[in-house]
Amino acid sequence: MINHAAIEARWQKAWADAKVFEVEPNEKPALLVTAAMPYLDMPQHVGHLRTYGTADAYARYMRMRGYNVLYPMAFHATGTPVIAIAKRVGTGDPDILDTLKLFGVPDEEVKKMVEPVYITKYFENEMRRGMVAAGYGIDWRCSFTSIDPLFSKMVEWQFMRLHDLGFLATGAHPVGWCTNEGNAVGQHDTHGDVQPKIEKLVAIKFKDSGSGVFFPCLTYRPETVYGVTNIFINESAKYVVAEIAGSTCYLSEASAKALAEQTSVRVISAIQTSELLKKKAINPLTKEEVPVLPGFFVKEDTGTGVVMSVPAHAPFDYAALMRLKISGHALPEMQYRRVLRIEGRPDDEALFENVRTIGHAEAIRIGDSTTEADLELATKAVYSEEARRGVMLVGKYAGSREPEAREAIAKDLIDAGQAFRVYALANEEQVICRCGTKVIVKVVTDQWFINYGDEKWKASVKKHLLRMKLLPKNTVNLYAATVDWIDERAAERAQGLGTRFPFNPEHIIESLSDSTIYMCFYTFAHTLRTYGVKPEQLKPEFFNYVVEGSGSVSATAAATGIDASVLKKCKDSFDYWYTFTSRHSATDLIPNHLTMYVFNHVALMKEEHWPKQIVANALVNYEGEKMSKSLGNIVPLIEGVRKYGADSMRMVEIAGAELGSVTNFSVEAMNGVDERSEFLYRTVADIPSLQAGALGHIDYWLYSRLNTKIKAATASMDELRFRAAYDDIFYGSVLELRHYFARGGANAVVVNDYMRAITIMLAPVMPHFAEELWHMLGASGLVVQEQWPAADEAMINSEAEEFEDMLDAIVSDISTAKEMTSRMEANKGKSIRRIAVIVAADWKSAAQNAFVELRDIGRVMAMRELADVDRETLSKALAQFAKKGRELTRTRAGTASSTRPALDEARQYIAGQLSLGPGVQIAVELETESRSARAGRAMPGKPSIDIQWG
RNA sequence: GCAGGGGUGGCGGAGCUUGGCCAAACGCGCAAGGCUUAGGACCUUGUGCCUUAGGGCUGCGAGAGUUCAAAUCUCUCCCCCUGCACCA
């Protein structure tokens, strides 16, 4: 058994001692590999290995390809999560205590986690340990955290530059909001980590014909205003008269309070619902007068507490009217006016009939089987059908499709002052802040944004994306779509760790926005530290000079007080490493971080320093299931390494699937890797017991396979197709070695050469195991510093490879034939006496190649070289070639005289593969000499088989 | 809803960019044989359907089209996954 732990420890120490990952600019081409810095709120779990391991394997590969590779690591601490943990630990929230326990954080450490900075320190150490254990070749000298004062100076500079360039803007913006804490609420601030979804609605103002006060009817579907029959309010709620954004309205008291967070609201007086129910209101578009009625489903705390009723298109509205009718309420003359039709559905009347049927059924509760849940379902069905195929029947937009009409009518009404925007949470369940308060929507004013909507900025990003290498290739569309869609993005926040926002020091810079150009900081972080540069010396001039490339050394030295030689060193390092960068992250960051990364580089740096390559990987499942805290299937990285070994996990996660597909972390897969590792390990260990001597066919075959493999694997690796590459390098080598040994291969030099190359190629993904094999092979130095093998075309021998393929085809053919003939009546009670393998005559290969060339039976027949062949036999063979058509290619099988001895040698192998007893004779015959009736069937590369029973 | 990705054997998953050599790599599972006191592990073969000899038929979400030829190109429809922002 391979002792993973011992091997890992030995080689991790060897790498550290040799400082192989501590690199400085040199004459080699540069490559800076960066993976998204991990957030310091949890230890790493096995899933993280996918991204960081992929980046590491790529870095190791490129190093072997002759690049000077820097793979650094930083840590993200900005924002609210760390503070949230401190708070939750402080209040003894059992949820967080369980989670920390799941991650193996000792109790005495948990106690100290009431202090945010302590949390970041703890997890930083934890993560470093995990990353070393997983075998990442990181240059730790360049590390920093996003709350490092030196780093903060760069973020400040970044935002001042964005401001100079006109990319910062202020404005109003709706956010999820907790009135208790007075803070914006994101996903991790809510119970059950629910993302508050904000949607835009519109409130259409129906004027009370008596008082002139408005009923602001909240709706998702302003286009149905043409079909309104009445207005609904909640009879049992409290209503008020209030001034909203300049107009006087009736609305529920709860709504008035909530709306005050979105716009100016001044409550004037209370009003009884009985008063409201006496009123009539005028539809602003149709000018019709409609009554106000009680609606059972109207929620007082959503929107305005006033809705318009469109029974033809809304099951709830119809049901409410039916309920009123049943309870004997006086109803207006109902109009059920349809405002749109369903295109391509001649029976669309049926759909509207259904609306009524369901509404009616709910109202009278037929057998209690039709409920409000059915109304919800019906509503959804109607909305989606009408949105997809609805065409307006009435009004200004008659003939338009529903989605366009909806937008256009909303805009017209708002522009005309007949409606206003209302934001609401779209979540089906109520969203509750961790503090217990219900989350509402607030429109934040004077909010600073980064204006990613800037057209010129977008255009240059789009243009640059076309020049970048974006992997996997099918992510290109997602980047393009993101650039099209991305708009203003909040740049500041009231709470959390981080850098103060320069234009509003009360706030901190939003935490995704402060990590868009941080990779450049790696290139000079350790220089700043080595020379003791102080944060206050990192004036804008420093970054102008080093990162932006403007200004002179002397002027920068004068402005900052930093020694000119240090400045020069920083700039040279940045210029060197930024010639070729590869950014690694998970696919889900494409629509935000990765796209913003491109935007910010394009805005702030010289074109030669813009991003060159982004690699986005999919995530990892655990035994087929998503990893999640709730499923309790999260394995901490360090625990995984201890249990399965770093290399096996790396092989499974990095090379278990192509970049864009989910890899499955399973014990079974891990065992599969272990078995093969053992096999390779034994193979290397057994080399001394093999022979030396002249090379035979099977030796040339193995060399050929090796070089074919190197060629294919190199091409795959260049595209980061790890799965394809390691199918060949790892899994394929095991199959080939087995075949080699089964065919009697036993040459120590050949196996040694083969395993040397395989070992080098294993190193990017299985670095510890590769070092161990390298050492066992008696090689000097570290494999991590070796050159990636180059394929030797001269060693690729397609004839030898084809021969082995033919051999397996023969085995398979005999096996089928054996099965078939055993069922023949004539062979009952007999056993196989002899198997003849009959090799095609040489003229057949000549004829085949001639036919492939000429594609003309007559011309081949006339060839002088084939003049000796019996006319009928030749024409039959040619007819067979013709039948194969385009599939037929030149045969590369050797001549009969060379194939025959090779097959002779392979007889034992064939017998072994078929588990034939010693009593069965295998004979290799030439077509020209064979007495078998089946001899004529032999074709180039496909000998005829004759099984003789007796 | 909007956007992006995807639907291939019992399963995971190749192949689809450059249509034909694809019943479909590789692996798992399953079956038979070998080995073994037995089991496990390991090795070999088989694993869509039909077939008394290497052949034939059907097949790649559904339907239609282009083509001599389609898993691969085009269109329509159905289904699944992911993201939708102030949050890392």
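In this structure, A:VAL641 does not qualify as in contact with an Asp or Glu (Cβ under 9 Å, 6 or more places away or on another chain) and within 14 Å of RNA strand B (Cβ to nearest atom).
For the range A:644-688: of the residues being free of Cβ contacts under 8 Å to residues at least 24 places away in the same chain and within 13 Å of RNA strand B (Cβ to nearest atom), which is surrounded by the most Cβ atoms within 10 Å (Cβ to Cβ)? Before the answer, list the steps.
Of the range A:644-688, the ones free of Cβ contacts under 8 Å to residues at least 24 places away in the same chain are A:652, A:668-669, A:671-672, A:675, A:682, A:686.
Then keep just the ones that are within 13 Å of RNA strand B (Cβ to nearest atom); that gives A:652, A:668-669, A:671-672, A:675, A:682.
Working: A:VAL652: 28, A:GLU668: 9, A:ALA669: 19, A:ASN671: 13, A:GLY672: 16, A:GLU675: 10, A:ARG682: 10.
Across the range A:644-688, the extreme among qualifying residues is A:VAL652.
Per the conditions (1) buried (at least 20 other Cβ atoms within 10 Å of the Cβ); (2) outside any helix (DSSP H, G or I), the sole criterion not satisfied by A:GLY640 is (2). Looking only at the range A:184-195, residues that are surrounded by 13 or more Cβ atoms within 10 Å (Cβ to Cβ) and out of contact with any helix residue (DSSP H, G or I) (no Cβ under 8 Å at 6 or more places or on another chain) come to 5 in all. For the range A:565-603, filtering for residues that are aromatic (Phe, Trp, Tyr), within 16 Å of RNA strand B (Cβ to nearest atom) and touching a strand residue (DSSP E or B) at 6+ places or on another chain (Cβ under 7 Å) leaves 1. Residue count for the range A:71-84 under the criterion of being buried (at least 24 other Cβ atoms within 10 Å of the Cβ), modelled with pLDDT under 90 and aliphatic (A, V, I, L, M): the result is 0. Any residue at all in the range A:615-637 that is in a helix (DSSP H, G or I) and more than 14 Å from the chain's Cα centre (by Cα)? Yes: one or more hits.
Taking the range A:477-512 as the range and being over 19 Å from A:VAL602 (Cβ atoms), more than 7 Å from RNA strand B (Cβ to nearest atom) and either free of Cβ contacts under 8 Å to residues at least 60 places away in the same chain or among the aromatic types (Phe, Trp, Tyr) (or both) as the test, the residues that pass are A:GLU492, A:PHE501, A:PHE503, A:ASN504, A:PRO505, A:GLU506, A:HIS507.
The set of residues in the range A:284-316 being polar (S, T, N, Q), assigned to a loop (DSSP other than H, G, I, E, B) and in contact with a Ser or Thr (Cβ under 6 Å, 6 or more places away or on another chain) consists of A:THR304 alone.
Scanning the range A:834-878 for residues that are touching a residue at least 60 places away in the same chain (Cβ under 8 Å), in a helix (DSSP H, G or I) and closer than 15 Å to A:LEU926 by Cα, we see that the one that is farthest from the chain's Cα centre (by Cα) is A:LYS844.
In this structure, does A:MET62 turn out to be surrounded by 16 or more Cβ atoms within 10 Å (Cβ to Cβ), closer than 24 Å to A:CYS520 by Cβ and within 22 Å of the chain's Cα centre (by Cα)? Spelling it out, it is not the case that A:MET62 is surrounded by 16 or more Cβ atoms within 10 Å (Cβ to Cβ), closer than 24 Å to A:CYS520 by Cβ and within 22 Å of the chain's Cα centre (by Cα).
Would the range A:823-830 turn up any residue that is among the aliphatic types (A, V, I, L, M) and surrounded by fewer than 16 Cβ atoms within 10 Å (Cβ to Cβ)? Talk me through it step by step, then tell me what you get.
Filtering the range A:823-830 down to residues among the aliphatic types (A, V, I, L, M) leaves A:824, A:826.
Adding the requirement that they be surrounded by fewer than 16 Cβ atoms within 10 Å (Cβ to Cβ) leaves A:824, A:826.
Scanning the range A:823-830 turns up at least one residue that is among the aliphatic types (A, V, I, L, M) and surrounded by fewer than 16 Cβ atoms within 10 Å (Cβ to Cβ).
Condition check: within 13 Å of RNA strand B (Cβ to nearest atom), modelled with pLDDT under 80 and touching an Asp or Glu at 6+ places or on another chain (Cβ under 6 Å). Does A:ALA381 satisfy that? Spelling it out, it is not the case that A:ALA381 is within 13 Å of RNA strand B (Cβ to nearest atom), modelled with pLDDT under 80 and touching an Asp or Glu at 6+ places or on another chain (Cβ under 6 Å).
Residue count for the range A:720-737, restricted to those that are in contact with a helix residue (DSSP H, G or I) (Cβ under 6 Å, 6 or more places away or on another chain), over 15 Å from A:SER661 (Cβ atoms) and within 10 Å of RNA strand B (Cβ to nearest atom): 2.
For the range A:181-205, taking the residues that are of a type in the set (Asp, Glu) and more than 7 Å from RNA strand B (Cβ to nearest atom), the one that is nearest to the chain's Cα centre (by Cα) is identified as A:ASP193. Among the candidates A:THR54, A:THR34, the residue that is polar (S, T, N, Q), touching a residue at least 60 places away in the same chain (Cβ under 8 Å) and in a strand (DSSP E or B) is uniquely A:THR34. What is the one condition in (1) surrounded by fewer than 16 Cβ atoms within 10 Å (Cβ to Cβ); (2) more than 16 Å from RNA strand B (Cβ to nearest atom); (3) at pLDDT below 85 that A:ALA846 does not satisfy? With respect to (1) surrounded by fewer than 16 Cβ atoms within 10 Å (Cβ to Cβ); (2) more than 16 Å from RNA strand B (Cβ to nearest atom); (3) at pLDDT below 85, A:ALA846 is out only on (1). Of the numbered criteria (1) under 30 Å from A:ARG50 (Cβ atoms); (2) more than 10 Å from RNA strand B (Cβ to nearest atom); (3) more than 26 Å from the chain's Cα centre (by Cα), the one A:TYR740 fails is (1). Restricting to the range A:552-583, and then to whatever is under 30 Å from A:ALA481 (Cα atoms) and either modelled with pLDDT under 95 or surrounded by fewer than 21 Cβ atoms within 10 Å (Cβ to Cβ) (or both), can you tell me which residue is farthest from the chain's Cα centre (by Cα)? In this case the residue turns out to be A:THR579.
In the set (1) farther than 30 Å from A:THR560 by Cβ; (2) in contact with a His (Cβ under 8 Å, 6 or more places away or on another chain), A:ARG141 fails one condition alone, (1). Here is the figure for the range A:927-948: residues that are more than 24 Å from A:ALA826 (Cα to Cα), in a strand (DSSP E or B) and over 57 Å from the mean Cα position of the chain (by Cα) total 0. Only residues that are surrounded by 15 or more Cβ atoms within 10 Å (Cβ to Cβ) and outside any helix (DSSP H, G or I) were counted in the range A:539-549, giving 1. Against the conditions (1) within 23 Å of the chain's Cα centre (by Cα); (2) of a type in the set (Gly, Ala, Ser); (3) within 8 Å of RNA strand B (Cβ to nearest atom), A:SER515 satisfies every one except (3).
Looking only at helices (runs of 4 or more DSSP H) that lie completely in the range A:70-174, which have at least 3 residues being within 16 Å of RNA strand B (Cβ to nearest atom) and within 30 Å of A:VAL602 (Cβ to Cβ)? Step through it out loud before you land on a result.
Working: elements: A:81-90, A:94-102, A:107-112, A:116-133, A:149-164.
Per the criteria, A:149-164.
Go through (1) touching a Gly at 6+ places or on another chain (Cβ under 6 Å); (2) touching a residue at least 60 places away in the same chain (Cβ under 8 Å); (3) within 27 Å of A:THR78 (Cβ to Cβ); (4) surrounded by fewer than 19 Cβ atoms within 10 Å (Cβ to Cβ) and name the single condition A:PRO472 misses. Status for A:PRO472: all satisfied but (3).
Restricted to strands (runs of 3 or more DSSP E) entirely inside the range A:461-538, those with at least 1 residues that are farther than 30 Å from A:THR179 by Cβ are A:469-471. Taken over the range A:810-831, the criterion of being near RNA strand B (Cβ under 6 Å from one of its atoms) and of a type in the set (Ser, Thr, Tyr) is satisfied by A:SER812, A:SER815, A:THR816, A:THR821.
The values are calculated or read from the model by the stated rules, or taken from the named source; none is laboratory data. Only a predicted model underlies this, so the values are computations on that prediction, with no experimental measurement involved. Counting neighbours? That spans all protein chains shown, and the Cβs are built from the backbone with ideal geometry, glycine included.
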